[in-house]
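Peer 1: Just dropping this structure here.
Quick note: the coordinates plus some simple rules give every number you see, no bench work behind them. Because the structure is a prediction, the values reported are computed rather than measured. Positions of Cβ are backbone-derived with ideal geometry, glycine not excepted, and every protein chain shown enters the neighbour counts.
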Ligand SMILES: [Mg+2]
């Protein structure tokens with residue numbers, strides 16, 4: 001496998017507006033998890049996938065949810081794999097490290113609004129939780145995935 005995107009959800013695929021609108025959407029009959037993901041922000045990650053041919057590995061705590069892959073598929077995002085689930089808190093960089101030791105990749109990018117990435121900071125595109133992922137973040141991620 002060549003390129004991987006480690007994907008967080010909260011603060012990447014949703015933003016302040018998503019959280020404000022979620023109760024209303026939920027009340028209108030939209031499933032709870034669907035109400036907490038923003039379609040427009042997902043389309044930015046779809047563009048990243050399309051332009052780099054990278055696979056998505058879910059690193060968000062959402063990965064413990066049983067239906068998370070179906071939820072993301074609803075938004076056009078195909079999840080290839082997930083980082084390992086631990087019972088106690090681990091910095092996300094360590095969870096990503098565990099996955100990387102078992103899977104061979106040429107290059108990877110981490111999309112996350114947090115920065116507990118340890119040795120992998122040079123791979124991080126840190127999003128702003130208020131806005132979620134932006135076009136500028138996508139450009140930066142493309143650059144990281146395309147660098148030698
Ligand atoms: Mg987050």
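Peer 1: How many times 2.2 N^0.38 Å is the alpha carbon radius of gyration of segment 20-68? Please report the intermediate quantities before stating the final value.
Peer 2: On the way: Rg = 13.2 Å, N = 49, 2.2 N^0.38 = 9.7 Å.
For segment 20-68, the normalised Cα radius of gyration comes out at 1.37.
Peer 1: Give me the tail of P(r) for segment 43-115 as a percent: Cα-Cα pairs with distance above 18 Å. Let's see the in-between values first.
Peer 2: Details: 1097 of 2628 pairs.
Cα-Cα pairs of segment 43-115 separated by over 18 Å account for 42 percent.
Peer 1: I'd like to compare 98-106, 122-130: which one has the highest average count of other Cβ atoms within 10 Å, and what's the full order after that?
Peer 2: 122-130, 98-106
Peer 1: If each DSSP helix of 4+ residues adds -39,500 (n - 2.57) and the sum is divided by the residues in the chain, what number results at 222 nm, nearest 500 deg cm²/dmol?
Peer 2: Working: 6 runs with 60 residues, N = 148.
The per-residue figure over the chain is -12000 deg cm²/dmol.
Peer 1: Now for a separate question. Expressed as an acute angle from 0 to 90° and rounded to the nearest 10, what is the orientation of the C-alpha long axis of helix 39-52 relative to the principal long axis of the chain?
Peer 2: Value to nearest ten degrees: 20.
Peer 1: Could you check what % of the DSSP bridge pairs in the chain are antiparallel, to the nearest 5?
Peer 2: Values: 1 of 16 bridges.
Taking every DSSP beta bridge within the chain, about 5 percent pair in antiparallel fashion.
Peer 1: Could you calculate the FRET efficiency of residue 104 with residue 67 from 1/(1 + (r/R0)^6), where r is the beta carbon distance between them and R0 is 35 Å, rounded to 0.05? Can you show the working numbers first?
Peer 2: Details: r = 29 Å, r/R0 = 0.83.
With a Förster radius of 35 Å, E is 0.75.
Peer 1: Quick one: which of 22-34, 46-58, 68-80 comes out on top by average Cβ neighbours within 10 Å, and what's the full order, highest first? Each step should come with its number before you reach the end.
Peer 2: Values: 22-34: 12.5, 46-58: 17.7, 68-80: 16.0.
So the peptides 22-34, 46-58, 68-80, ranked by packing, come out 46-58, 68-80, 22-34.
Peer 1: While we're here: Please report Rg over Rh for the chain, where both radii come from the alpha carbon positions and Rh follows the Kirkwood definition. List each step's numbers first, then the result.
Peer 2: Values: Rg = 14.7 Å, Rh = 15.4 Å.
Radius of gyration over Kirkwood radius for the chain works out to 0.95.
Peer 1: Okay, next question. Can you tell me how much longer the chain between residue 40 and residue 19 gets when fully stretched, taken as 0.36 nm per residue apart minus their C-alpha distance, in nm with one decimal? Walk me through the numbers on the way to the answer.
Peer 2: Details: separation 21, 0.36 × 21 = 7.56 nm, distance 1.42 nm.
Working it through step by step, the gained length comes to 6.1 nm.
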